[in-house]
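Colleague: I am attaching a structure below and will ask some questions about it afterwards.
The values are calculated or read from the model by the stated rules, or taken from the named source; none is laboratory data. The structure presented is a predicted model; accordingly, all values stated were derived computationally and were not measured. Note that each Cβ is placed from the backbone with ideal geometry, even for glycine, and that neighbours are counted across all protein chains shown. Accessible surface areas use protein heavy atoms only, side chains included; no ligands, DNA or RNA. Shrake-Rupley method; radii C 1.70, N 1.55, O 1.52, S 1.80 Å.
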Amino acid sequence: DAPSAGPPPLRAALCAELLAEGRAAALNPAELAITLWAFATAGHTGGEPYRCLGEALMPRLFPPRGLEGQAISNAAWALATARHENPRLFSALAQAAAANIDRLGALDLSNLAWAFAWSSQVPVAEHPAFYSRLGSASLVRLSDFDGGSLSNLAWALAVASPSPDVLDAVAAAALSERLAEVHGSTALNVGQLCQVHQYHLWLEERGDVVETLPEALREQARDSFLGMAQLAPSSRMQRLVARELRAVGGVRSVEEEVVVAQGYTVDLLVQHADFGPLAVEVDGPHHFLSEGSRRPTGATQLKRRQLR
């Protein structure tokens, strides 16, 4: 998440200026992108400036004077960080990114992949060309990726879950090898190791046995993932759901915060006389892009898929 910074009164004044008729439309594409980035970096959570800037940016994403290079990555990262929901805009950003991907550096590629994965608005099925190009461009620049950008890329691919014909085994093997190199030379932090664990689970989903990570890295990543999962507190809503389930006929027991084989913590594990063990996830607002939205974040989608 972006850090909270900058004086709120100044941000409010800037928002008012942007929302004034024609102000955002007067900015060129690069100015729109950097303004989006500035609001997101400052931790601004109000939806209006993102909606206004996004609408102004949409028709100007493509040549002759469209958004280029790093500006596309900045705009996508900002909109995802702000949890802005606009599938049409994200789809257009993916098309613009695919056309500019050879101009992007390692950090730009990583931020772009994370933004599309986190916001869950650029599915592989609708944008196979983008993910194919992302894989190819990242493979060429793998030596430029540091620990943070590499673990972000790996996590994003796990969320998107491109099929082997979109991201082939050669690319997956190269990414795993680079992760092992980075881990051997610079320590990955806990958050990055958690991302690596989820990436490894994705390799197992794909059946990419050859591309599995070194045992030492797998174990450290799993330990970090387990440690973070056990720190997550249960919510009042979760406790209420557990209480109600215990009163349902046929329910023998309800356990809370149960660690399963994949390393995830399941909110509730219900033992039922007729249906056997049932995992129940109590999805609060943070599981979705924004208040009132029913679109789960990429992190929520990944957990649901990897628990099956």
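Colleague: Just grab the label-to-label distance for A26 and D165, each label 7 Å out from Cα along the Cβ direction, in nm (one decimal).
Modeller: So the two model labels end up 5.1 nm from each other.
Colleague: A follow-up question, please. Helix 215-231: angle to the longest alpha-carbon principal axis of the chain, degrees 0 to 90, nearest 10?
Modeller: Helix 215-231 sits roughly 90 degrees off the main axis of the chain.
Colleague: Taking only Cα atoms, what is the 0 to 90° angle, nearest 10, from helix 48-57's long axis to the longest principal axis of the chain?
Modeller: That helix lies at roughly 60 degrees to the long axis.
Colleague: Same structure again: On a 0 to 90 degree scale, rounded to 10, what angle separates helix 8-19 from the longest Cα axis of the chain?
Modeller: Roughly 60 degrees, rounded to the nearest 10.
Colleague: Run the paramagnetic zone check for A216: 7 angstrom along Cα to Cβ, then residues of segment 165-208 with backbone nitrogen under 18 Å.
Modeller: Only 176-190, 193-194, 196-197 fall inside the zone, counting backbone N under 18 Å.
Colleague: While we're on this one: Report the gain in length on full extension from L245 to D274: 0.36 nm times residue separation, minus Cα-Cα distance, nm rounded to one decimal.
Modeller: Extra length available between L245 and D274 comes to 9.0 nm.
Colleague: Which whole-number percentage describes the relative contact order of the chain, with Cα contacts under 8 Å and a sequence gap of 6 or more?
Modeller: Dividing the mean separation by the residue count of the chain yields 12 percent.
Colleague: For A129 paired with E281, estimate the spin-label separation in nm (one decimal), with each label point 7 Å from Cα along the Cα-to-Cβ line.
Modeller: 3.2 nm
Colleague: Given the Cα-Cα distance of L10 and R252 and 0.36 nm per residue of separation, how much length would full extension add, in nm?
Modeller: 81.5 nm
Colleague: How large is the helix-only mean residue ellipticity at 222 nm for the chain, computed as the sum of -39500 (n - 2.57) over DSSP H runs with n ≥ 4, divided by its residue count, in deg cm²/dmol to the nearest 500?
Modeller: Using -39500 (n - 2.57) per qualifying helix, the result is -18000 deg cm²/dmol.
Colleague: Something else about it: Calculated from the structure, Cα Rg over 2.2 N^0.38 Å equals which of [x] 1.49; [y] 1.41; [z] 1.08?
Modeller: Correct label is [z].
Colleague: Which order do I101, I34 take by accessible area at a 1.4 Å probe, largest first?
Modeller: I34, I101
Colleague: Report in % the part of the accessible area of the chain that belongs to carbon and sulfur, leaving out ligands and nucleic acids; probe 1.4 Å.
Modeller: Summing carbon and sulfur atoms, their accessible area is 55 percent of the total for the chain.
Colleague: Turning to a different aspect of this structure: Could you give the accessible area per residue of segment 194-286, probe 1.4 Å, as a whole number in Å²?
Modeller: 56 Å²
Colleague: Continuing with this model, one more query. For every other residue with a beta carbon closer than 10 angstrom to the beta carbon of G47, add +1 if it is Lys or Arg and -1 if Asp or Glu, then tell me the sum.
Modeller: Its environment carries a net charge of -1.
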